[in-house]
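Enquirer: Structure in structure tokens, see below.
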Amino acid sequence: MPDSISLQILPTGTMHSDLTWLLLDPTQVMASRAQKDKPAAWVGVPTHCVFIDHPDGKLLWDSGVPRDWETRWAPTGLHDYFPVDEVTEDMWLDSRLKQLGYEPNDIDYLVLSHLHFDHAGQADLWNDASHTKVVCSKDEYDGAFGFEGYNFGAHVKKDYGGLTFDTVEGDTEILPGVTLLQTPGHTWGTMSLQVDLPDSGTMIFTSDAIYRSESYGPPSVGAGIVYDSRKWFASVEKIRSIAEKTNATVVFGHDEEQIKQLKTTPASYT
Ligand SMILES: [Zn+2]
């Protein structure tokens with residue numbers, strides 16, 4: 001393991017949504033016959049990217065939400081369900097890059113956990129960045145380019161259609177101590193990111209393989225938006241197994257309580 005990796009968590013704006021999208025937990029979310037007027041739980045859905053400065057390259061994990069989310073997402077109908085309504089100018093990914101002192105083309109690897117619009121939202125900054133290797137899983141690529149039209153749910157081609165991808169299959173150590181884990185189920189090919197840090201130990205960024213701590217459990221509670229439920233549960237247990245072996249810190253994709261407990265940019269994990 002190299003001794004000089006540093007990792008920063010970059011908050012990139014918070015959506016809000018009905019908790020039912022995120023969590024299939026009847027006791028918390030759904031109304032019983034005695035609660036027909038129970039209001040929906042409207043919760044914060046923070047987004048983040050991860051920047052890794054590694055001796056062998058600079059890696060960015062995910063690309064946040066787009067500045068033009070309201071118009072870009074309108075054709076999907078989902079802009080009313082996931083408004084990006086808690087964000088400041090300094091949080092958009094293009095602002096974050098400037099704070100770090102980089103242009104898109106300075107990044108060696110842009111790895112997209114999956115191609116949903118709240119993870120690939122500013123990936124089009126890399127449309128002409130010929131130096132950067134843009135990486136997603138083969139299964140995600142095949143699904144995301146395998147439909148006609150503007151969008152398929154939260155997959156919006158405008159986000160990623162202009163990129164040239166390098167795809168990976170199976171778990172892949174992309175840099176020494178930095179491993180892409182195949183954790184499908186949320187989408188065709190959602191990946192998680194394992195980073196083994198010299199001081200902070202192992203961190204696993206689950207993206208939407210696990211939205212929130214309730215989904216992790218144990219016991220694991222199902223998530224709302226899932227492409228394949230059996231693969232989703234298997235991926236949660238895969239993450240748990242790796243986390244137990246490595247004593248990892250597991251960072252969930254959209255957990256409004258957990259993100260407050262973590263160090264975020266400009267602080268770093270080393
Ligand atoms: Zn997603």
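Enquirer: Mind listing whichever residues of the range 15-48 are hydroxyl-bearing (Ser, Thr, Tyr), open to solvent by 20 Å² or more (accessible area, probe 1.4 Å) and either in contact with a His (Cβ under 9 Å, 6 or more places away or on another chain) or assigned to a loop (DSSP other than H, G, I, E, B) (or both)?
Expert: So the first thing to find is which residues in the range 15-48 are hydroxyl-bearing (Ser, Thr, Tyr), and the list is 17, 20, 27, 32, 47.
Now restrict to residues that are open to solvent by 20 Å² or more (accessible area, probe 1.4 Å): 20, 27, 32.
Scanning the range 15-48 gives 27, 32.
Enquirer: Just to check your reading of the model, which residue among 148, 173 is surrounded by fewer than 16 Cβ atoms within 10 Å (Cβ to Cβ) and assigned to a loop (DSSP other than H, G, I, E, B)? Talk me through it step by step, then tell me what you get.
Expert: Working: 173 fails: assigned to a loop (DSSP other than H, G, I, E, B).
Checking each option against the conditions leaves just 148.
Enquirer: Anything in the range 180-197 that is in a strand (DSSP E or B) and closer than 12 Å to residue 170 by Cα? List them, or say none. Please lay out each step first, then the result.
Expert: Of the range 180-197, the ones in a strand (DSSP E or B) are 180-182, 191-197.
Once the filter is applied, which keeps residues that are in a strand (DSSP E or B) and closer than 12 Å to residue 170 by Cα, the range 180-197 yields 180, 181, 182, 191, 192.
Enquirer: Being among the aliphatic types (A, V, I, L, M) and not in a loop (DSSP other than H, G, I, E, B) is the filter; apply it to the range 198-215 and report the residue that is surrounded by the most Cβ atoms within 10 Å (Cβ to Cβ).
Expert: Narrowing the range 198-215 to residues among the aliphatic types (A, V, I, L, M): 203-204, 209-210.
Next cut, not in a loop (DSSP other than H, G, I, E, B) only: 203-204, 209.
Working: 203: 21, 204: 24, 209: 30.
Among residues in the range 198-215 that are among the aliphatic types (A, V, I, L, M) and not in a loop (DSSP other than H, G, I, E, B), the one surrounded by the most Cβ atoms within 10 Å (Cβ to Cβ) is 209.
Enquirer: Next up: Quick check on this structure: which one of 139, 128 is modelled with pLDDT of 95 or more and buried (at least 18 other Cβ atoms within 10 Å of the Cβ)?
Expert: On the way: 128 fails: buried (at least 18 other Cβ atoms within 10 Å of the Cβ).
So the residue among 139, 128 that is modelled with pLDDT of 95 or more and buried (at least 18 other Cβ atoms within 10 Å of the Cβ) is 139.
Enquirer: Then there is this: In the range 247-266, which residues are open to solvent by less than 50 Å² (accessible area, probe 1.4 Å) and either over 28 Å from residue 82 (Cβ atoms) or modelled with pLDDT under 95 (or both)?
Expert: Across the range 247-266, the qualifying residue is only 248.
Enquirer: What tally of residues in the range 49-64 results from selecting those that are surrounded by fewer than 24 Cβ atoms within 10 Å (Cβ to Cβ) and in contact with a Pro (Cβ under 9 Å, 6 or more places away or on another chain)? Reasoning before the result, please.
Expert: In the first step, residues of the range 49-64 are kept if they are surrounded by fewer than 24 Cβ atoms within 10 Å (Cβ to Cβ); the result is 50-51, 53-58.
So of that shortlist, the ones also in contact with a Pro (Cβ under 9 Å, 6 or more places away or on another chain) come out as 54-56.
Summing the residues that are surrounded by fewer than 24 Cβ atoms within 10 Å (Cβ to Cβ) and in contact with a Pro (Cβ under 9 Å, 6 or more places away or on another chain) in the range 49-64 gives 3.
Enquirer: For the range 182-219, which positions are among the aliphatic types (A, V, I, L, M) and either within 11 Å of the chain's Cα centre (by Cα) or within 13 Å of the ligand (Cβ to nearest atom) (or both)?
Expert: In the first step, residues of the range 182-219 are kept if they are among the aliphatic types (A, V, I, L, M); the result is 191, 193, 195, 197, 203-204, 209-210.
Matches in the range 182-219: 191, 193, 209, 210.
Enquirer: Would it be correct to say that residue 70 is more than 20 Å from the chain's Cα centre (by Cα), under 30 Å from residue 133 (Cα atoms), at pLDDT 95 or above and open to solvent by 30 Å² or more (accessible area, probe 1.4 Å)? Spell out how you get there, then give the answer.
Expert: Values: more than 20 Å from the chain's Cα centre (by Cα): no; under 30 Å from residue 133 (Cα atoms): yes; at pLDDT 95 or above: yes; open to solvent by 30 Å² or more (accessible area, probe 1.4 Å): yes.
Here the answer is no, as residue 70 does not meet what is asked.
Enquirer: I'd like to verify a number: residues in the range 103-145 that are assigned to a loop (DSSP other than H, G, I, E, B) and either of a type in the set (A, V, I, L, M) or more than 13 Å from the ligand (Cβ to nearest atom) (or both), how many? Explain how you work it out, then say what you get.
Expert: Here is the first cut: in the range 103-145, the residues assigned to a loop (DSSP other than H, G, I, E, B) are 103, 107-108, 112-115, 117-122, 127-132, 145.
Okay, now just the ones that are also either of a type in the set (A, V, I, L, M) or more than 13 Å from the ligand (Cβ to nearest atom) (or both), so 103, 107-108, 112, 115, 120, 122, 127-132, 145.
The total comes to 14.
Enquirer: Then there's this: Looking only at the range 220-245, count how many residues are open to solvent by 50 Å² or more (accessible area, probe 1.4 Å), among the acidic types (Asp, Glu) and within 16 Å of the ligand (Cβ to nearest atom).
Expert: The total comes to 0.
Enquirer: Quick one: in the range 75-96, which of the residues that are of a type in the set (A, V, I, L, M, F, W, C) and farther than 19 Å from residue 267 by Cα is most open to solvent (accessible area, probe 1.4 Å)? It would help to see each step written out before you state the result.
Expert: Within the range 75-96, the subset of a type in the set (A, V, I, L, M, F, W, C) is 78, 82, 84, 87, 91-93.
Subsequent filtering for residues that are farther than 19 Å from residue 267 by Cα retains 78, 82, 84, 87.
Working: 78: 28, 82: 17, 84: 8, 87: 44 Å².
The selected residue is 87.
A quick yes/no check of all residues on (1) more than 22 Å from residue 214 (Cβ to Cβ); (2) of a type in the set (Gly, Ala, Ser); (3) away from the ligand (no atom under 16 Å from the Cβ):
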{"residue": "8", "(1), (2), (3)": "yes, no, yes"}
{"residue": "15", "(1), (2), (3)": "no, no, no"}
{"residue": "23", "(1), (2), (3)": "no, no, no"}
{"residue": "40", "(1), (2), (3)": "no, yes, yes"}
{"residue": "47", "(1), (2), (3)": "no, no, no"}
{"residue": "58", "(1), (2), (3)": "yes, no, yes"}
{"residue": "69", "(1), (2), (3)": "yes, no, no"}
{"residue": "82", "(1), (2), (3)": "no, no, no"}
{"residue": "94", "(1), (2), (3)": "yes, no, yes"}
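The values are calculated or read from the model by the stated rules, or taken from the named source; none is laboratory data. Since this is a predicted model, take the numbers as computed values, not measurements. So basically every Cβ, Gly included, is an ideal-geometry build from the backbone, and we count neighbours across all protein chains shown. SASA here: full protein model, heavy atoms, side chains in, ligands and nucleic acids out. Shrake-Rupley method; radii C 1.70, N 1.55, O 1.52, S 1.80 Å.
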